[in-house]
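The values are calculated or read from the model by the stated rules, or taken from the named source; none is laboratory data. All values derive from a computational prediction rather than experimental measurement. FYI the Cβ positions are ideal-geometry reconstructions off the backbone, even for glycines, and counts take in every protein chain you see. The protein model used for the area step is the full one, side chains on, heavy atoms only, and it has no ligands, DNA or RNA in it. Shrake-Rupley method; radii C 1.70, N 1.55, O 1.52, S 1.80 Å.
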Amino acid sequence: MFFYYLDLAWRSIKKTPFLSLLMVLAISIGIGITITTLNVYKMASINPAGERSSQLFALRLMSQDNDTWERLTPQITYQDAYNLRKSTIPVRQTAMFRTGLAVQTEDPNFSPILEGVRVIDSDFFGLFEVPFVYGGPWDKQVDSEGGYKVVISEEINQKAFGGVNSVGKSILLNRKPYQVVGVTAQWNPSPKYYDVNNGAFNDSEQIFVPFSLAPIEEYESWGNNNSWRHEDIRTYSDKLASEMHWNQYWVELDTPAKQQEYQEWLSRYVEQQQRLGRFKHPEAHGDISDVDKWLKEHNVVPEDNKVLVGLSVLFLVVCLVNMLGLLLAKFLKRAPEVGVRRAIGASRLQIFSQHIVEVGVIGFCGGALGLLWAWGALYVLSSKFDLEQSLAQLDQSMWLIAPMIAVSAAIIAGLYPAWRICSTNPSIYLKSQ
């Protein structure tokens, strides 16, 4: 019977093409707006750490001397980062910050390019599960002793070396040779949870160099540099010894016992620094936040996004109310035909089912068209209004969610008109002259 009802639905749609098109457009616009906002919200709220979210922790310290800062900041000082690296409790740990360097090769035909660079410890790659095409991280020894090693992305490897295995070759960064030890595969977590302070939806860096080279090469920090007091910073050494917050710090703690042990270690570190004359804030302490907590604390998915999703749903409801009125007019116009069908034996359930199937077809068409509206809206937002590329990609789940919402919403809107028409009294239309 379902296919018979589909045939009847198609015949009915063809009889009233203009009215049917109005209904399809009404629901498609509502679906398009809803899917656009829902897609942005979903892409922004994804936890890219997956199952390891509860094992990866961002570290923060309240290292200021007074209460001018009432909260923990997402970054720490260089001297704290340097000291924290001495702990043996974490499975993996890394201090890091973002910088930029000029990239060259020994090929005279290669035009220099300026690239964002992440200054890290070797544990960064295992901690954040960065995949490799060739090679791997530099040796742990480099983290403590320094060494001109570099890991580059597949994209940089293609530009600089034509995509071949470049492990062992040299690349020039600010005119100094670095030995390539690894080439990463495509890796661009969104949101960029390991550095939300400098743009949660910015692309990941393409080049990685050892944190131990920072005091040697004096890498400038690209990003927020926060300080709670005025300091006369004239040299890079002054910056390293300052109370300026410009480094991020992450640890991997794979068990609750390790998490507790590390939290206690942090408390002892704070006490040690207090004895040295630092950390004079009355509530000085250290804190670790797993990925899920970290994203929520830094409002990576703003409340405004949730409000927009709610408003778009309300707009969809308005579209459905309009559709309900159009369906009522369309169905009641066919009351004589329905009366004849009832008179020759069609049950109320059959009439109701026939019209619900027709509403479902209209909803499905509206959902398909709404997907195109959503795709176009995301494209425009990305190209014209600088919406982050990671947010402008239509999630695969939306191709299933949109038709489901459209069909369900259309059926809900069509329940009353379908009930009205199946309740038609056939005797009214069968009176003879």
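Our helix-only sum for the chain, with -39,500 (n - 2.57) per DSSP H run of n ≥ 4 divided by its residues, gives a mean residue ellipticity at 222 nm of -15500 deg cm²/dmol.
Which FRET efficiency value, to the nearest 0.05, do you get for LEU6 and PHE201 by plugging their Cβ-Cβ distance into 1/(1 + (r/R0)^6) with R0 = 30 Å? The value I calculate is 0.10. Computed from the C-beta positions of GLU106 and SER54, the FRET efficiency with R₀ = 41 Å rounds to 0.35.
Relative to the current alpha-carbon distance between GLU271 and LEU114, full extension at 0.36 nm per residue lengthens the span by 52.3 nm.
In segment 63-284, what % of DSSP beta bridges are antiparallel (nearest 5)?
On the way: 25 of 34 bridges.
The antiparallel proportion sits near 75 percent.
Quick one: grab the alpha carbon gyration tensor of segment 170-284, order the square roots of its eigenvalues as a ≥ b ≥ c, and give me rounded if a/c is under 1.5, else prolate or oblate depending on whether a/b is larger than b/c. Note, shape of segment 170-284 comes out oblate.
Going by the alpha-carbon gyration tensor, a ≥ b ≥ c the square roots of its eigenvalues, is segment 133-180 rounded (a/c under 1.5) or, if a/c is not under 1.5, prolate (a/b greater than b/c) versus oblate? Judged from the Cα gyration tensor, segment 133-180 comes out oblate (a/c at least 1.5, b/c at or above a/b). All distinct Cα pairs of the chain go into the 1/r average, and the inverse of that average, the Kirkwood radius, is 26.1 Å.
Between PHE352, PHE125, PHE211, find the one with the highest GNM mean-square fluctuation for the chain; connect C-alpha pairs within less than 10 Å. Taking springs between Cα atoms under 10 Å, the residue moving most is PHE352.
The accessible area of CYS365, taken with all protein chains in place and a 1.4 Å probe, comes to roughly 60 Å². The order of ARG98, ARG52 by accessible area, most exposed first and with a 1.4 Å probe, is ARG98, ARG52.
Per residue, the chain exposes an accessible area of 49 Å² to a 1.4 Å probe, with every protein chain left in place. For segment 143-223, just say rounded, prolate or oblate: build the C-alpha gyration tensor, square-root its eigenvalues into a ≥ b ≥ c, call rounded for a/c under 1.5, and beyond that prolate if a/b exceeds b/c, oblate if not. Taking the square roots of the gyration eigenvalues as a ≥ b ≥ c, segment 143-223 is oblate. Cross-link partners for LYS86 among the aspartates and glutamates, with Cα-Cα distance under 18 Å and sequence neighbours closer than 8 places in the same chain left out: ASP121, ASP123, ASP139, ASP143, GLU145, GLU252, GLU261, GLU264, GLU271, ASP287.
Assuming R0 = 56 Å, can you tell me the calculated FRET efficiency for the pair LYS280 and ILE412, based on Cβ-Cβ distance, to the nearest 0.05? Don't skip to the end; give the middle numbers.
Details: r = 61 Å, r/R0 = 1.10.
It comes to 0.35.
Past the 29 Å Cα-Cα mark, which pairs from LYS258/LYS296; LYS169/LYS293; LYS258/LYS293?
Working: LYS258/LYS296 23 Å; LYS169/LYS293 41 Å; LYS258/LYS293 18 Å.
Those over the limit are LYS169/LYS293.
Note on the chain: with charges restricted to the Cβ of Lys and Arg (+1) and Asp and Glu (-1), its dipole about the Cα centre is near 2820 debye. Modelled label positions at VAL91 and ARG420, each set 7 Å beyond Cα in the direction of Cβ, lie 6.2 nm from each other. Between the helical axis of 303-333 and the longest alpha-carbon principal axis of the chain there is an angle of about 10 degrees.
So what's the net charge close to ARG60: Lys and Arg +1, Asp and Glu -1, counting the other residues with Cβ under 11 Å from its Cβ? Spell out each step's value before the answer.
Working: positive: ARG71; negative: ASP80, ASP287, GLU297.
Combined, the nearby Lys, Arg, Asp and Glu give -2.
Average projection, convex hull of the Cα set of segment 63-284: 13.0 square nanometres.
Accessible surface of PHE315, taken over heavy atoms with a 1.4 Å probe and every protein chain present, rounds to 80 Å².
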